[in-house]
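Each remark here refers to the structure printed beneath this line.
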Amino acid sequence: MEILNYLKEEEIIAYFSMEIALFKEIPTYSGGLGVLAGDTVRSAADLSLPFVAITLLHRKGYFRQELTPDGNQIEHPVVWDVERLLTPLPQKVRVTIEGREVVIGAWVYVWRSVTGGKVPVIFLDTDLPENVESDRAITHYLYGGDRRYRLKQEIVLGIGGVRMLKALELSVRKYHINEGHAALLALELLRDEVSCQKEEKACLREVRNLCVFTTHTPVEAGHDRFPYDLVREVLGEPLPIDLLKKLGGKDELNMTLLALNLSGYVNGVAKRHSEVSRNMFPGYVIHSITNGVHTFTWTSPAFRELYDRYIPGWAHEPELLARVDVIPDELLWEAHQREKKSLIELVYEKTGILMEKEVFTLGFARRMTAYKRPTFIFADRERLIRIAKRQPFQVIFAGKAHPQDWEGKRLIQEIFKQARELHPHLKIAFLEDYDLEIAKRMVSGVDLWLNTPQKPFEASGTSGMKAAHNGVLHFSVLDGWWIEGCLEGITGWSIGSPPDEKTDDEARREVEDFYGKLEYAILPTFYNHREHWIRLMKNAIGKLAPYFNSHRMMKRYLSEAYFHQPALFTMNNQHV
Ligand SMILES: *Cc1c(COP(=O)(O)O)cnc(C)c1O
C-alpha cells in the first residue's frame, strides 16, 4: 500500500486498458493497442503525471506462437512469473457475475522513469481460492474464449477497476477509457450517481465530466457489442434497462456507443480516423489526437548513442530530433548498418536463413489479419522476380494471428508457401513469436518498413513511427497516421491514392504504386544514390520523430482531455 501513498494527495488520471505492453516478460498484450498503452504509461511517468493504469492480469498471456515448417501456427499458453515481477496488493473488491459474487484481487508494477516520475500499473486478478473454477479463469487469457468470457472480463476491468481504485482510496480526476473494452467503468460511475437519487440529467453530467474516451475502431463491424439477453444473464441489471438501451443501443449493447454517450471528451487516434468515426456516429463531437510512440523505447542502441552525442536531451524532448542534420552522414549510415547486421544475425539464429548485409531489406511485421494484407507484395510474382533479378532485395516478416482468426492463420501459411516458391530469387524469412523485442530489432534493422492495410481499417498504426525514429523509411498505404506523416519522396513513399482523391480501381493503383515506386524510385536511390538515401533517412528522423511521439501525444491529452474545462467544450449529450 505504501507504494501508492504518494498519490493520496493527488487527483489522478485513471487509464483503463484491456492490454498494456510494458516489457517482454509481462506478456499482457496482443498488438498495437497494448503497445500504445505501454508507451502512454512510459510518457506519463517521464512527465511525472499523477497517473495510474488499470488492466487485467492475463496470467496465461495472449499466446506464444510456434510455427511449423509449413507456417501452421501452434498456440501455447505463456507462463510468466507473476509472483516475481509484480507486487500483490491486500485490497479485494467484489462484482456480481451471472448472479454470483466474484472476488477480485490486484497486483501492481510501478513503472519508473529516469526523471523520477512513476506510474503504478494495476493488474486485476480473479484467480483466487474464494472463486469457483470458471471465475478464476476470467483473468487468464487476453482475448480468449467467447462473447460471454469477454463480457465477464469487461465487467472485471470496468466495474472491478473502479471499485479497486475506491478501495485503494485514490481520488480520480478523469477516467480514461482506452477503447470500448473498458466502457463499463462509466456504467459503474453512473450507477453510483443514480443511486444517490439525483435527476437523470444531473447524473449523466457528472459521469461525462469524469470520462475521457479514446476510440480505436474505424469500422462498424469492429465495435465490441453484446446481445441484451447475454448482458442480463451475465451483468444483471445495474441500471434500468430502458436507460441502458438509451445509452448503449436499442438492439445490442454497443460498448463504443456506451462510451460515446458517457464521456465528455472523445477522440480518435489520427485525423482521418476521427473523420471516419464522426461519419459512423453522426452528431457526436469526436476530437483527434494522433498517436505517438515512446521515443527512447523505440530508438535502437546505435541511434541512442548517436543522438546522445549530437542531440543531448532528445529522449525527453523529441522535438530536438529536428536537428538531426548535425549528425555526420557516415556516422548515421554506420549506426544503421550496425542495427541491420544485428537483425540479420537474429534472423540467422532463429531461422537458419542467411540474409545479406549489402542487400536492400524490407520489413513487414504486425498482427496477421486480413485487413493488414500481409501477402500484398505477392500480387504480381513475375514482376517481383523481375525486379529482384536486377536490383536484389530480401524480406523479413513477423506477426501472430489471433487463435480464432482462420484467415490470419492462412495468410501466414501463404507467406511460407510464397517464400518456398520464390527461392532463390528472393530471400524471405518469417520470425516466430512477434513481440516487443522483435519489433524493436525489426523497425531499426531493415531499410524499408512496409505497411499495406485495406483503407480505412488502419485507425492509426504506430510501427512506421518506430521505424522513423531509427531512420528507416516508410512505404505505406495512405491510411491512419501516414496521411499526416507522408511527404512523398521526402519522408517516405505512399501506396495508392490520397483519401480525397477518387480512383475507379484503387486496388490496381495500389499494386501499381507498390511495384512502380519500388523499382523506379526506392531501389535505385538505395543502390545508386546513397547520399540521397541518407538525406531521406534524416528527413524521416527530423520531420517525423519530433511529432509522432507519445510525449507530444500525452501533452495533448493533458491540455485537451484531462484538464480541459468541460464548459468550453460541446458536450456529447445531444442524443440522450
Ligand atoms: C508497434 C507494434 C504493433 C503495432 O503495429 P502496426 O503495424 O502499427 O499495427 C504491433 N505489435 C507489436 C509487438 C508492436 O511493437
Quiz item: How high is the relative contact order of the stretch 257-297, in percent, counting Cα pairs under 8 Å that sit 6 or more residues apart?
Solution: 41 percent
Self-check item: the stretch 153-170 - phi-based ³J(HN,Hα) in whole Hz, Karplus 6.51/-1.76/1.60, Gly and Pro as x
Solution: 4, 5, 5, 4, 5, x, 6, x, x, 4, 5, 5, 4, 5, 4, 7, 6, 9
Quiz item: Where nothing but the Cβ of Lys and Arg (+1) and of Asp and Glu (-1) is charged, how large is the charge dipole of the stretch 389-474 around its Cα centre, in debye to the nearest 20?
Solution: 320 debye
Quiz item: Along the charge dipole of the chain, which of Pro546, Ile138, Val78 sits closest to the positive end, that is, farthest toward it, with unit charges on the beta carbon of Lys, Arg, Asp and Glu (+1, +1, -1, -1)?
Solution: Pro546
Quiz item: Protein chains only, probe 1.4 Å: how do Phe16, Phe430 rank by accessible area, largest first?
Solution: Phe430, Phe16
Quiz item: Which value, in Å² and to the nearest 10, is the accessible area of Arg441 when all protein chains are kept and the probe is 1.4 Å?
Solution: 80 Å²
Quiz prompt | Cα pair distances of the chain binned at 20 Å [whole percent] | solution = 21, 54, 23, 1
Quiz item: For the stretch 173-210 and the stretch 437-466, what is the separation of their Cα centres, given in Å?
Solution: 36 Å
Quiz prompt | Length-normalised contact order of the stretch 295-548 in % [C-alpha pairs under 8 Å, at least 6 apart] | solution = 23 percent
Quiz item: If you line up the long axis of helix 301-310 against the longest principal axis of the chain, both from Cα atoms, how many degrees apart are they, to the nearest 10?
Solution: 90 degrees
Self-check item: the chain: relative contact order as a whole-number percent, Cα under 8 Å and 6+ apart
Solution: 15 percent
Quiz item: Nearest 10 degrees, 0 to 90: what angle lies between the long axis of helix 200-210 and the longest principal axis of the chain (Cα atoms)?
Solution: 40 degrees
Self-check item: Positive-pole candidate from Val95, Pro238, Pro120, dipole of the chain, charges at beta carbon
Solution: Pro120
Exercise. Working from Cα positions, state the angle (0 to 90°, nearest 10) between the long axis of helix 184-194 and the longest principal axis of the chain.
Key: 20 degrees
Quiz item: So what's the back-of-envelope 222 nm ellipticity for the chain, counting only DSSP H runs of four-plus at -39500 (n - 2.57) apiece and dividing by all residues, rounded to 500?
Solution: -11000 deg cm²/dmol
Practice problem: Give the accessible area for Leu411 in Å² (nearest 10); use a 1.4 Å probe, count only protein heavy atoms, and leave out ligands, DNA and RNA. | Solution: 10 Å²
Quiz item: What shape does the stretch 295-548 have by the C-alpha gyration tensor, where a ≥ b ≥ c are the square roots of the eigenvalues, rounded means a/c under 1.5, and otherwise prolate means a/b greater than b/c and oblate the rest?
Solution: rounded
Quiz item: For the stretch 512-564 and the stretch 35-104, what is the separation of their C-alpha centers, rounded to whole Å?
Solution: 32 Å
Quiz item: When the label point is put 7 Å from the Cα of Glu349 along its Cα-to-beta-carbon vector, which residues of the stretch 427-453 have a backbone N closer than 17 Å?
Solution: 430-446
Exercise. At a 1.4 Å probe radius, which order do Tyr527, Tyr520 fall into by accessible area, largest first?
Key: Tyr520, Tyr527
Quiz item: Considering only DSSP states other than H, G, I, E and B, which trypsin sites (Lys or Arg not before Pro) in the stretch 312-368 qualify as loop sites with at most 16 other Cβ atoms within 10 Å?
Solution: Lys357
Quiz item: Which value, in debye to the nearest 20, gives the size of the charge dipole of the chain about its Cα centre, when Lys and Arg are +1 and Asp and Glu are -1 at the Cβ?
Solution: 440 debye
Quiz item: Near Lys455, which lysines are there with a Cα under 25 Å away, not counting those fewer than 8 places off in the same chain?
Solution: Lys271, Lys372, Lys400, Lys409, Lys466, Lys502, Lys517, Lys543
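Which GluC sites (Glu not before Pro) does the stretch 190-290 hold that lie in a coil by DSSP with at most 11 other beta carbons within 10 Å? Walk me through the numbers on the way to the answer.
Details: sites: Glu193, Glu199, Glu200, Glu206, Glu220, Glu233, Glu252, Glu275; in loops: Glu199.
Within the stretch 190-290, the qualifying GluC sites (Glu not before Pro) (loop, at most 11 other Cβ atoms within 10 Å) are Glu199.
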Self-check item: Sites matching GluC sites (Glu not before Pro) across the stretch 466-572 that sit in DSSP coil, with at most 14 neighbouring C-beta atoms within 10 Å
Solution: Glu501
Quiz item: Expressed in nm to one decimal, what extension gain is obtained for the pair Lys341 and Asp146 from 0.36 nm per residue of sequence separation less their Cα-Cα distance?
Solution: 65.9 nm
Practice problem: Taking H placed 1.01 Å from N in the peptide plane, check which residues at least 5 places from Ser288 or on another chain put their amide H under 5 Å from its amide H. | Solution: Gly268
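The values are calculated or read from the model by the stated rules, or taken from the named source; none is laboratory data. Worth saying up front: this structure is predicted, and the values here are computed from it rather than measured. Cβ atoms come from the backbone with ideal geometry, glycine included; neighbour counts cover every protein chain shown. Accessible surface areas use protein heavy atoms only, side chains included; no ligands, DNA or RNA. Shrake-Rupley method; radii C 1.70, N 1.55, O 1.52, S 1.80 Å.
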